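Inspection log for the structure reproduced underneath, given as structure tokens.
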Amino acid sequence: MNCAECHEHKFDPYSMEDFYRLSAFFADIKEEGVYTSFQKGSVPPERRVVGPEQETRLAELAATIASLQAELERDDPEIATEQASWEAQIASETRTAKAMDAPWIDDEQSNGGTAEGAWNFVTAAEGAPVRSGERSRRQTGSGIVQHFFHGAERRIVLGTGDKLFAWVHLDQENPPEQVMLQFHVNGTWEHRAVWGEDKISFGGIGTDTNAHRQKGVLPSTGVWVRLEVDPSEVGLSAEHPIDGIAFTQFGGLAHWDVAGLHTVVPSLAFGSTTSPTREAVFTPAEARTDGQSALLRMHFRTIAPSLASVRASIAEATAAHTAYEESLPLMLATVAVEPREVRVLPRGNWMDDSGEVVQPGVPSFLFDGDVGEGERADRLDLAGWLVSDANPLAARAFVNRIWKLLFGEGLARDPNDLGNQGARPTHPELLDWLAVEFIESGWDVKALLRTIVSSNTYRQSSDTRPDLVERDPYNEFLARQTRWRHDAEFVRDGALSVSGLLAPTIGGPSVKPYQPAGHWRELNFPMRTWKQGEGDQLYRRSLYTFWCRTFLHPAMDAFDAPSRENACAKRNRSNTPQQALVLLNDPGFVEAARALAEAPARRSSRQTDREGIQWIWSRTLARKAQAAEVSVALTLLQEERERFQANPEAMRALLAIGMRPVPDGARGAELAAWTQVSRLVLNLHETVTRN
């Protein structure tokens, strides 16, 4: 229908209105810019593929979380007593009004979240300076070095007059040139304080902002120094809990120790003590609203020591639910939004909005069923129309496609066009009968395949007779089976299969098998390099090979794989010298030949070369080698044995191709010679042809 975008179709009965009515079915899709999303590694929207078994498992995991959450929230007199003691402690601290340190990190990082960098804990017994507890953290290196954590579950919540602090000891002989404290808030590190010569680039060298606040000269060396930061100096407030801190330096050697919050109310320093929670805890119990009491009750359950095991179980169950959900395969999905207006565009000019507004609908010359009646038609209506009993077009096209896969050509030779511009079916009655059978079977693809492959027509030999070649060179009468060169993916998968290398794993991300170095060197926006896979990734079915439409994998390209820039219903089939060179020299095929050769190369003394050759032929071609073929293979085998025995370097170079290790105890020259025989067989026309 593409022609009808700009004008009435010249040959088929499609009008411009038909084109735009059909496109209107997709006018409610939320479209995303692909390029920016590609840079991020995904194209939204996506959804998980969830079947009945997966739904049951997800429900079980969700029920576990709900049960644990109910345990956390249940009424318990002992928890109520704990809460009362906690509130009394806060009241006492408030009355005293004496600020004290609330350590966030000391001898260990026990706040949860993600820890990164080198956390090198050392003790006084090791000769290290220690300010608090039994250990400090040694950090040294050149340039910017740091250790930090972020995403902590136990977060700092700031109150009035609070100060952030950390203790540091700079080595007297090799002090850093600058030290920095960074605070992680809302997923960013944009709150920093620095001391010393301005060397650390984070936040901008030479600037004096919340992201790079200058705090003066480098602390004294050889002694413990307390670094203290007023939260307001770096743009922090009570509204934004701190869930991470970074201890950063430029070069030199430093020891870091206890860090945390200097506050009047240490009991409220950590957790989810937001402004409403603080207001509730400072309100006398008898004056609290029901909402404040409920808020305080829930907050205490997130910090109560006696409920620590329950909270840990909830975190574990939540992580299990998330991990299972993320293990499910992803599929691209569409999100429906308010449909945009669709007009007929005169001459296809998208800037001309003078055309008639159209609603979703099917081509006017075809049966439309209930589509377009009543409410605005949607894609479900379109799908129902496609598979309705009164519309055999979809079934005919599908049956023709299946016939092409099984016979090399469809009953209608152009599977992309079953209209006036396509070739007429060679057996129209057969095509109609199969389409009706397919519909009446409930669109049962297995039944359709069974019907075709169990027929006498399919089970014929592909051998030709001179009279048939003369009368029916293209086998339109189906007097024999057809033969054709396998598609690109089948050629590679066949070699991997007969060699025993094919990895049977189903699903998962794309993989990157062998590809010539530098093949992507001209690829830009962005520039990329091919990072070759490892292990089974090298031997997955070609279906899973990473596909770059502008730079096809060269072995696939040689065997006429389409670029996938557009849908391809029928591939070209060429026969070129380049294909023979791929089969001989591509590392994947050479490695497959070596794996195929391992069995005859390690044969016992009772086995002959002829038996080894017959084994390769049977494994690859499912038949015995003929006398002339055996003679050629024996000659090649003997010549290659002599060559590799005389030239160990050539033998080692051949066996080094591919990542598969040479079996222990293998005789190098023998394996290399048999590899050459296997390469010969994998390069045969019969090997890459469907007979």
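Side notes on the structure shown:
- Around the amide H of ALA102, modelled in the peptide plane, lie the amide H atoms of LEU261, HIS262, THR263, all under 5 Å away and 5 or more residues distant in sequence or on another chain.
- Read-out Cα extents along the principal axes in Å, derived from the coordinates shown; its label in (i) 111, 83, 54; (ii) 87, 61, 49; (iii) 130, 77, 60: (i)
- Protection proxy ranking of 509-516, 353-360, 457-464, by the mean of other Cβ atoms within 10 Å over each peptide's residues and highest first, is 509-516, 353-360, 457-464.
- Taking the fewest neighbouring Cβ atoms within 10 Å as the starting point, the ordered list for MET331, MET556, MET1 is MET331, MET1, MET556.
- Averaged over residues, the count of other Cβ atoms within 10 Å places the peptides 580-586, 593-599 in the sequence 593-599, 580-586, highest first.
- With contacts taken as Cα pairs under 8 Å and at least 6 residues apart, region 591-691 reaches a relative contact order of 42 percent.
- Approximate spin-label separation CYS568-SER618, in nm, with each point projected 7 Å along Cα-to-Cβ: 3.8 nm
- Candidate lysines - alpha carbon under 23 Å from LYS215, same-chain residues fewer than 8 apart omitted: LYS163, LYS199
- In this structure, ALA312 and VAL223 have a Cβ-Cβ separation that, at R0 = 30 Å, corresponds to a calculated FRET efficiency of about 0.15.
- About its Cα centre, the dipole of the chain is roughly 2880 debye, where the only charges are +1 on Lys and Arg Cβ and -1 on Asp and Glu Cβ.
- Simple rule: put +1 on each Lys or Arg Cβ and -1 on each Asp or Glu Cβ in the chain, find the dipole, and look at TYR539, LEU636, ALA4; the Cα lying farthest toward the positive end is LEU636.
- Site pair THR457 and ARG606 shows an inter-label distance of 5.1 nm when each label is modelled 7 Å from Cα along Cα→Cβ.
- Listed by chain and number, the lysines whose alpha-carbon sits under 25 Å from that of LYS30, ignoring those within fewer than 8 places in the same chain, are LYS40.
- Using a Förster distance of 45 Å, the FRET efficiency for MET527-GLU286 (Cβ separation, nearest 0.05): 0.05
- Global geometry of region 392-471, whether rounded, prolate or oblate, following the gyration tensor of its Cα atoms and the 1.5 cut on a/c: oblate
- Under Karplus coefficients 6.51, -1.76 and 1.60, residue-wise ³J(HN,Hα) of region 194-200 in Hz, glycine/proline x: 10, 10, x, 5, 6, 10, 7
- Per-pair calculated FRET efficiency, R0 = 30 Å: ALA115 and ASP198 via Cβ, rounded to 0.05: 0.65
Computed from the coordinates by the stated procedures, all read-outs in this text should not be read as laboratory data. As the structure is a computational prediction, the values presented were derived from the model and not from experiment. Cβ sites come from the backbone with ideal geometry, for glycine too, and all protein chains shown count toward neighbours.
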